[in-house]
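These notes are about the structure you will find just below.
FYI, it's all coordinate maths here, none of it is from the lab. A quick note: this is a predicted structure, and the numbers were derived from the prediction, not measured. As a convention, Cβ positions derive from the backbone with ideal geometry for all residues, glycine included, and neighbour counts pool all protein chains shown.
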Amino acid sequence: MKEYDRAEHFFSEAIRKDPGLADAYNNRGLIYLHRGDWEKAGKDFEEAVRLDKTFTDARYNLAKFYTETGRADAGKQLFKELESQLDTSSAFHNAYGQNFIMLNHYAEGEQQFRRALEIHPDNVEALTNLAYVKTVNHRYEEARELLEKALKLAPGFVFALNNRAVLYGQEKDWSRAVSLLEKAGKTEPDNLIVVNNLALFYLESGNLAAGEEKVLRGEKLDERNEYTQRNRAVLLLKQGKAAEALEILKKTEATHPEVDHIYYYLGQASEALGRKDEACKYYETGSRLNDPWTAGRCGQ
């Protein structure tokens, strides 16, 4: 940390002496980004680009920043402008692909990830991101192969561990899913995606105590997150509080119908309350959306 403190001080001093140093703003932005100070990082990248509109590195960093902070449209424009300059960069195409994914343009995202892998076949992030696209498109075997390759290259890569665990979860292989997520959690204990998936799979495996602990952890990190709310409902359902669970699930489904297994749990809660016809409708919706957990539930 001291090294980053010294670097921040150095670049801040350079800016104080010459406020027109675009390079100093860009470099200080990277330091802020490393610390997780997103607001300061964004302001520095924007200032660097304002000072030098031809500054490729700053524009690239700003494009990534916009993508990761909910301004993917603005990021897309920057990526488009930079493509001819950075066409031989695997990292660039991976980042551009992530921008398309944030915009729900999966075909374009896949094209960018493939280009990243043409340039650098062992780009672990691109392998993991391409696997995500395959998963979304229900091409699970291809996703598994890509994730296995990614984990062979980088056994501790958190997002590959998480995404492989999700595929195990689809098969209800709780033991393997939990094992991978626990490994990911040791590296990034505050990663909300990992925490929420671990909470769900603990609950489904029957380990309610560990599941509740992770539900509470998820709520501490972001109680408004749709997956955090789903998990609270699942915990209530496992505790026999189906009516409370159903209320939360309906609210979540109204704003975030894309949440994994939401229709399965709506069906489970409805069924627990004796509403079999309603449950069947939820299961049928889940099946149409290719949720493997809802397959064949009607009539059981």
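Taking the chain as a Gaussian network of alpha-carbon nodes connected by springs under 10 Å, the highest mean-square fluctuation of the residues GLY185, GLY211, GLY42 belongs to GLY42. Once you've got the GNM for the chain with C-alpha springs shorter than 10 Å, pick whichever of VAL158, VAL259, VAL178 has the biggest mean-square fluctuation. Among VAL158, VAL259, VAL178, the largest mean-square fluctuation in the Gaussian network model of the chain belongs to VAL259. Pairwise Cα distances in region 224-300 exceed 15 Å in 47 percent of cases. FRET efficiency for the pair ASP37 and ARG224, taken as 1/(1 + (r/R0)^6) with r the Cβ-Cβ distance and R0 = 22 Å, rounds to 0.50. Put the Cα centre of region 48-127 next to the Cα centre of region 158-213 and the gap is 29 Å.
For region 126-200, applying the loop criterion from DSSP together with a ceiling of 12 other beta carbons within 10 Å to the GluC sites (Glu not before Pro) yields GLU171. Its residue count N fixes a reference of 2.2 N^0.38 Å for the chain, and the Cα radius of gyration divided by that reference is 1.14. LEU216: net charge of surrounding residues, Cβ under 11 Å, Lys/Arg +1, Asp/Glu -1, itself excluded? Here the count lands on 0. Note on the chain: helix-only mean residue ellipticity at 222 nm, from DSSP H runs of 4+ residues weighted -39500 (n - 2.57) and normalised by residue number, equals -24500 deg cm²/dmol. So which residue, out of ARG232, ARG217, ARG288, gets the largest mean-square fluctuation from a GNM of the chain using Cα contacts under 10 Å as springs? In this elastic network of the chain, the residue with the biggest mean-square fluctuation among ARG232, ARG217, ARG288 is ARG288.
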